[in-house]
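The values are calculated or read from the model by the stated rules, or taken from the named source; none is laboratory data. On a predicted model such as this, the values are computed, not experimentally measured, just so you know. Ideal geometry is used to build each Cβ from the backbone, glycine not excepted, and the neighbour counts take in all protein chains shown. Areas reflect the complete protein model, heavy atoms only, side chains present, ligands, DNA and RNA absent. Shrake-Rupley method; radii C 1.70, N 1.55, O 1.52, S 1.80 Å.
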Amino acid sequence: MGVRSGLVGAVRAAGTGGRRVGGAIRRVTHAHGADRSGLGGLIETTAVHSAGDALVAVALAGTLFFGLDVNQARGQVALYLLVTMAPFALVAPLIGPALDRMRHARRYAIATTLLARGLLCWGMAGAVLHGDEVTLLPAAFGVLVLSKAFGVLRSAVTPRVLPERITLVTANARASFAGLIAASVTAPAGLGLAALIGTDWLLRIAMVVFVLGAVLALRLPAHVDVPDAGERSAAPGEGRRWRTLPRVGPVVAEAMQANAALRALSGFLVLYLAFLLREKRFEPVSHTVALGLLAAFAGAGGLAGTGLGAWMKARAPQLIVFATLTVATAVTAVCAVFFGLWAALAVAFVGGLGQSLGKLSMDAVVQREIGEEVRSSTFAVSETLHQLVWVLGGLAGLGTSIVADGRVALGGAAAVLGLSLALLLAGRARRAGRRRRAATARRPPEPHREPV
């Protein structure tokens, strides 16, 4: 009797604590008018989406699809990097334009991506139970594609639910931060559940989480689906074509290119430093501890970038992207000169911060500059571009780890970043010069006066 009453008391205490934590989280997500605009609901949907993705990743951690790590052969890691590009081959030319045509039913599109992932999780549970890789791999591929589709939709919807007191950078950061927290809490819990009940049941739990996310998506406000009457229209035929960099305008193209440099740096650092720390001993730290510190510092950098984005009140996201690229270039150069374990950890932190903060700011530029008609297509193109450069940066890091030490590798990375920054600034200066000349040409000539 005493044990039973103790268990009941523990359950009640846990329930009370959970309600208090949930209430605190809800107050944060619904602050500054986010409850009335619908941003709070979108943030909560994002958190549930990230929790479901974390459960899927944990459940499949031991399978062929997600089983590769940095301790395996370089050829296998390179193959894995190329495989991660596959979902994006569909996201840009197919899914982006399709989502643009569904802008009047975005709540249902978001809910559909979540429900479809729930059904795929149910199918994967059976495949894992029976060792059916023929079913497992296509289903896992589908989960990846739909996850990217959700990300594109969330970015496209955010301006529709933006409160007056919050900037786009802050709104994007809040959603990303909620996703990071949800995934960070869910992943360890998923590991424990996988050990207790098996990965098949963990995938069934993930299905329930995705269904909950679909319900939250359907409860988003109706104005998510209906464009404003005064929304500017795209150029004739623009909404029917796949967007490319020259067609998004110079402001968006600049932000995408600067963020691409930051993403390439992140991919390069992850693979280069992981193999370097595995092969080179930094006394008195062991290889395992060094790799753990690398992962911790890179993750902390991403979290810090998201936190900065949520804290910043700046309404100039393009300036944030350029400032982030400048800081990343300088820190990489300094770490090349003073290379060692702490320099490697410092540049990993800056790489994570740059990727996170640059992405938040670039998303804000796209949300501000691109009309509703082609916003999803533009986000799909940017996601594809940035995944491509991340993979290329990773492959470059993989190859560099064979032939170069830390000083040479980071020095080369700093030089490439510096060149990218110089080219972007030169392009901006050229456009400013053309605008000045155009303004001068349009100015009416001074009236000719006869000498007295």
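A compact table of results
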{"quantity": "Residue in the range 137-156 that is touching a residue at least 40 places away in the same chain (Cβ under 8 Å), farther than 26 Å from Gly40 by Cα and not aromatic (Phe, Trp, Tyr) present", "calculated": "yes"}
{"quantity": "Filtered residue count, the range 426-441, keeping only those that are touching a residue at least 12 places away in the same chain (Cβ under 8 Å) and either closer than 17 Å to Gly351 by Cβ or open to solvent by 30 Å² or more (accessible area, probe 1.4 Å) (or both)", "calculated": "2"}
{"quantity": "From the options Ala415, Ala426, Ala422, Ala432, residue that is out of contact with any helix residue (DSSP H, G or I) (no Cβ under 8 Å at 6 or more places or on another chain), under 18 Å from Thr326 (Cβ atoms), at pLDDT below 90 and not charged (D, E, K, R)", "calculated": "Ala426"}
{"quantity": "Condition broken by Glu254, with the remaining ones in (1) at pLDDT below 80; (2) in contact with a Lys or Arg (Cβ under 8 Å, 6 or more places away or on another chain) satisfied", "calculated": "(1)"}
{"quantity": "Hits in the range 266-301 - residues which are surrounded by fewer than 20 Cβ atoms within 10 Å (Cβ to Cβ) and of a type outside the set (A, V, I, L, M, F, W, C)", "calculated": "Arg278, Glu279, Lys280, Arg281, Glu283, Pro284, Ser286, His287, Thr288, Gly292, Gly299"}
{"quantity": "Condition check for Val185: assigned to a helix (DSSP H, G or I), at pLDDT 85 or above and surrounded by fewer than 20 Cβ atoms within 10 Å (Cβ to Cβ)", "calculated": "yes"}
{"quantity": "Candidate set: the range 199-231, residues that are out of contact with any His (no Cβ under 6 Å at 6 or more places or on another chain), of a type outside the set (A, V, I, L, M) and surrounded by 14 or more Cβ atoms within 10 Å (Cβ to Cβ); chosen: the one modelled with the highest pLDDT", "calculated": "Phe210"}
{"quantity": "The range 150-163: number of residues that are open to solvent by less than 10 Å² (accessible area, probe 1.4 Å) and in contact with a Pro (Cβ under 9 Å, 6 or more places away or on another chain)", "calculated": "1"}
{"quantity": "Residues being closer than 14 Å to Ala261 by Cβ and more than 26 Å from the chain's Cα centre (by Cα) - total across the range 413-432", "calculated": "1"}
{"quantity": "Condition broken by Phe349, with the remaining ones in (1) open to solvent by 10 Å² or more (accessible area, probe 1.4 Å); (2) more than 30 Å from Ser147 (Cα to Cα) satisfied", "calculated": "(2)"}
{"quantity": "Pick from the range 371-387, criterion open to solvent by 10 Å² or more (accessible area, probe 1.4 Å) and among the aliphatic types (A, V, I, L, M), ranking: modelled with the highest pLDDT", "calculated": "Leu385"}
{"quantity": "Near pairs, Cβ below 8 angstrom, 6+ apart or cross-chain, from the range 357-383 (free of Cβ contacts under 8 Å to residues at least 60 places away in the same chain) to any residue that is open to solvent by 10 Å² or more (accessible area, probe 1.4 Å)", "calculated": "Leu357/Leu308; Leu357/Ile320; Leu357/Thr324"}
{"quantity": "In the range 166-190, the residues that are in contact with a Gly (Cβ under 9 Å, 6 or more places away or on another chain) and over 16 Å from Gly151 (Cα atoms)", "calculated": "Ile166, Thr170, Ser184, Thr186"}
